[in-house]
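The structure appears below as structure tokens.
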Amino acid sequence: MTDILAIGAHPDDVEISAGGTLVKMRNLGHSIALCAASDGEPTPHGSHEIRLREAASVASKLSCEYEILDMPNRYVVDSVENRIKIANIIRKHRPAVILCPHTAGLHPDHTAVSQIVDAARFYAKLTKTDPEGREWPYEPWWTPRQYYYFLGGVEQGVMPTFIVDVTDEYEDKMDILNCYASQWQVDMDMLSRSAHWGRMIGAKWGEAFAARGPVAISDIMQLTERHGMPRTTRQKRTAGR
């Protein structure tokens, strides 16, 4: 079983949007697996072989498995075939949490993968045969939690459910993104919007996630630790009243 399965349309999507969070989770002892629907090619300076080597370097740094599927870059579509491919990845890793793209943004591949993962999460729990009548290669699995990360622009009115403070992990995140040397012409830091999300919680760097339902917590004071004035300041003000 894997604690967190992070799925993207292309190699580097997950790392741009949630790389700091994955570093934080790894440092906390959680197991991670990554999956890209396509190899991300063609691009101006990459190739299939180069992108696989870059993804392997990331996997080494995160101590995780990185799976690259064969969906066509730029033309990823939500189909039964692609749902089954992702469902088999989910069944193989049996994660507690799935991370996948939010539908907000301009790239149709990101939107398609978000929709594919939504369906594949359901498909992964089906018994007996898959939607095309074939035997499943792995046992059924239902992933309890699914969160959506943001990549690039965010549509007006779309807000995250929570933001992870990745200030301490930011240097390691940049080290991971540097594995993608073939993509040097893309401003990955800008696409992550980590400075923007960080400012929203009173941190230097942050990564945003959305959930479709409520997110449970055990201490409501956790919600104010990095937003507005620090807890110690609030305690001092309260004591002086």
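None of the figures in this text is laboratory data; all of them are computed from the coordinates on show. Being a predicted model, the structure only gives us computed values, none of them experimental. Note that we place each Cβ from the backbone using ideal geometry, even for glycine, and neighbour counts take in every protein chain shown.
The table that follows gives values for the structure above.
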{"read-out": "Packing-based order for 21-30, 138-147, using average beta carbon neighbours within 10 Å, highest first", "value": "21-30, 138-147"}
{"read-out": "Relative contact order [Cα under 8 Å, 6+ residues apart], the chain, whole percent", "value": "22"}
{"read-out": "Residues of type lysines that Lys204 reaches as a straight line, Cα spacing below 20 Å, ignoring anything fewer than 8 places off in the same chain", "value": "Lys24, Lys173"}
{"read-out": "Two-site FRET efficiency, Glu81 against Lys204, from Cβ-Cβ distance with R₀ of 45 Å, rounded to 0.05", "value": "0.60"}
{"read-out": "Radius 14 Å from Cβ of Thr21, net charge of other residues (Lys, Arg +1; Asp, Glu -1)", "value": "-3"}
{"read-out": "Computed E for Asp70/Ile220 - FRET, C-beta separation, R0 35 angstrom, nearest 0.05", "value": "0.15"}
{"read-out": "Extension reserve of the Ser57-Thr167 stretch, reckoned as 0.36 nm per residue once the Cα distance is removed", "value": "37.3 nm"}
{"read-out": "Cleavage-rule hits (GluC sites (Glu not before Pro)) in segment 128-206: DSSP loop, at most 13 neighbouring Cβ within 10 angstrom", "value": "Glu132, Glu155"}
{"read-out": "Most to least packed among 205-214, 84-93, 59-68 [average Cβ atoms within 10 Å]", "value": "84-93, 205-214, 59-68"}
{"read-out": "Cross-link reach list, lysines versus Lys125, counting only Cα pairs under 27 Å and skipping chain neighbours closer than eight places", "value": "Lys85, Lys92"}
{"read-out": "Cα-based convex hull, the chain, per residue volume (Å³, whole number)", "value": "133"}
